[in-house]
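Remarks on the structure that follows.
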Amino acid sequence: MTGEEVVNRFSNEIDYLEFARVFDKAVKVEKIKGGYKVSTREGKQHEAKALIVATGALGRLLEVPGEKEFMMRGLCYSAVSYAPLFIERVAVVIGDTMLALRSTAELASIAQKVTLIAPTHGELSSSMGQRVLEAKNVEVLEGFRVEAVLGDEYARKLVIAKGDDKREIEADAFFVELELEPQSEIVAHLVERDELDRIVVDCANRTSDEGIFAAGDVTNVVAEQVLIAVGEGAKATLTAHEYLLQLPK
């Protein structure tokens, strides 16, 4: 079952819970006496004794010509999800973060060839970086940046450049693995975040504010996998429920 199928299944299960759903966007969270006030884009306000923050993280885009046209058509944003499809095939990973290195190592274990386009040295000096550099079927193009994505119905080539050195590189698929941007700003004034702006949680999904809980890729327990996020969400819900039960009436 794919992540999309899991999400659709859950969506279908809660369709009848109209009283518990609000189709709006939270834009502000304030701490008030006895709990929290959440303001929405449509100007409405909701009060609660506890909050679960599950706002996720967005992958940074390349922002080059051709990206929008070929997004999810040969140009993807999660190598871990698609790695099993690349046995003896050719793949390109774009990024210089630990996420990009893990994706490269994962693909290298089954692909015919993997090219890592690393705009900066990034994490290449780490143990994972050394493993990638030593892999026989991995080519690292350090210092190159993507200038365009080319193709027909699907992405077929990248135009990359490093100074005056401009090249076209072909592959069966291209994976963008740049920094994830946790969507935690809405509670930044209320909870502790780490150096990557992820909400810091304990093993029960508690944050530094006793009435706020968090789950998924917005937290420092990040794995880019729907099933892990689902499990974290279940934990956060149980912990929040326990918190509410012990509040004075």
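Can you tell me which residue in segment 56-80 is nearest to Ala148 (Cα to Cα), limited to those that are in a helix (DSSP H, G or I) and out of contact with any helix residue (DSSP H, G or I) (no Cβ under 7 Å at 6 or more places or on another chain)? Before you say what the answer is, go through the steps one by one.
Looking only at segment 56-80, we keep the residues that are in a helix (DSSP H, G or I), and these are 67-70, 79-80.
In the following step, the residues that additionally are out of contact with any helix residue (DSSP H, G or I) (no Cβ under 7 Å at 6 or more places or on another chain) were identified as 67-70.
Values: Glu67: 7, Lys68: 11, Glu69: 11, Phe70: 11 Å.
Among those that are in a helix (DSSP H, G or I) and out of contact with any helix residue (DSSP H, G or I) (no Cβ under 7 Å at 6 or more places or on another chain), it is Glu67.
Quick one: which residue in Ala188, Ala204 is farther than 25 Å from Val90 by Cβ, exposed (fewer than 14 other Cβ atoms within 10 Å of the Cβ) and in contact (Cβ under 8 Å) with a residue 24 or more places away in the chain? Steps first, please.
Details: Ala188 fails: in contact (Cβ under 8 Å) with a residue 24 or more places away in the chain.
Step by step, each of Ala188, Ala204 is checked, and only Ala204 is farther than 25 Å from Val90 by Cβ, exposed (fewer than 14 other Cβ atoms within 10 Å of the Cβ) and in contact (Cβ under 8 Å) with a residue 24 or more places away in the chain.
Residues to consider are Ala161, Ala204; find the one that is assigned to a strand (DSSP E or B), among the small types (Gly, Ala, Ser) and farther than 23 Å from Phe86 by Cβ. Even if it seems obvious, please write down each step before you answer.
Details: Ala204 fails: assigned to a strand (DSSP E or B).
The unique qualifying residue is Ala161.
Can you name the residue in segment 30-62 that is aliphatic (A, V, I, L, M), surrounded by fewer than 16 Cβ atoms within 10 Å (Cβ to Cβ) and in contact (Cβ under 8 Å) with a residue 60 or more places away in the chain and is also farthest from Thr239 (Cα to Cα) among such residues?
This residue is Leu61.
So how many residues does segment 43-55 have that are in contact with a helix residue (DSSP H, G or I) (Cβ under 7 Å, 6 or more places away or on another chain) and of a type in the set (A, V, I, L, M)?
4
Mind checking which pairs have a first residue in segment 13-29 that is more than 22 Å from Arg41 (Cα to Cα) and a second that is part of a loop (DSSP other than H, G, I, E, B), Cβ under 8 Å, 6 or more apart or different chains?
From segment 13-29, the pairs are Ile14/Arg21.
Taking the condition in contact with a helix residue (DSSP H, G or I) (Cβ under 7 Å, 6 or more places away or on another chain) and modelled with pLDDT under 95, does Glu181 pass?
Details: in contact with a helix residue (DSSP H, G or I) (Cβ under 7 Å, 6 or more places away or on another chain): no; modelled with pLDDT under 95: yes.
No: the conditions fail for Glu181.
Since Ile228 meets every condition but one in (1) within 26 Å of Glu123 (Cα to Cα); (2) in a loop (DSSP other than H, G, I, E, B); (3) out of contact with any Pro (no Cβ under 8 Å at 6 or more places or on another chain), which condition does it not meet?
Condition not satisfied by Ile228: (2).
Give me the residue from segment 224-249 that is surrounded by fewer than 19 Cβ atoms within 10 Å (Cβ to Cβ) and hydroxyl-bearing (Ser, Thr, Tyr) and, out of that set, nearest to Ile52 (Cα to Cα).
Thr237
Somewhere in segment 212-223, is a residue in contact (Cβ under 8 Å) with a residue 60 or more places away in the chain, surrounded by fewer than 13 Cβ atoms within 10 Å (Cβ to Cβ) and of a type outside the set (Lys, Arg)?
no
Give me a count of the residues in segment 140-170 that are in contact with a Lys or Arg (Cβ under 8 Å, 6 or more places away or on another chain) and not β-branched (Val, Ile, Thr). Break it down into steps so the answer makes sense when it comes.
At the first step, the residues of segment 140-170 found to be in contact with a Lys or Arg (Cβ under 8 Å, 6 or more places away or on another chain) are 141, 143-145, 147, 149-151, 153-155, 159-162, 168-170.
Cutting the leftovers down to not β-branched (Val, Ile, Thr) gives us 141, 143-145, 147, 150-151, 153-155, 161-162, 168, 170.
Selection size over segment 140-170: 14.
Among the candidates Glu153, Glu147, Glu123, single out the residue that is in a loop (DSSP other than H, G, I, E, B) and touching a residue at least 60 places away in the same chain (Cβ under 8 Å). Spell out how you get there, then give the answer.
Details: Glu147 fails: in a loop (DSSP other than H, G, I, E, B); Glu123 fails: touching a residue at least 60 places away in the same chain (Cβ under 8 Å).
The unique qualifying residue is Glu153.
Quick one: in segment 98-141, which of the residues that are hydroxyl-bearing (Ser, Thr, Tyr) and within 23 Å of Gly163 (Cβ to Cβ) is surrounded by the fewest Cβ atoms within 10 Å (Cβ to Cβ)?
Let us first name the residues in segment 98-141 that are hydroxyl-bearing (Ser, Thr, Tyr), namely 103-104, 109, 115, 120, 125-127.
Now narrow it down to the ones that are within 23 Å of Gly163 (Cβ to Cβ): 115, 120, 125.
Numbers: Thr115: 23, Thr120: 12, Ser125: 10.
In this case the residue turns out to be Ser125.
Restricting to segment 90-118, give me the number of residues that are more than 20 Å from the chain's Cα centre (by Cα) and assigned to a loop (DSSP other than H, G, I, E, B).
4
The values are calculated or read from the model by the stated rules, or taken from the named source; none is laboratory data. The structure displayed is predicted, hence computed values, not measured ones. Positions of Cβ are generated from backbone atoms using ideal geometry, with glycine treated the same way; all protein chains shown enter the neighbour counts.
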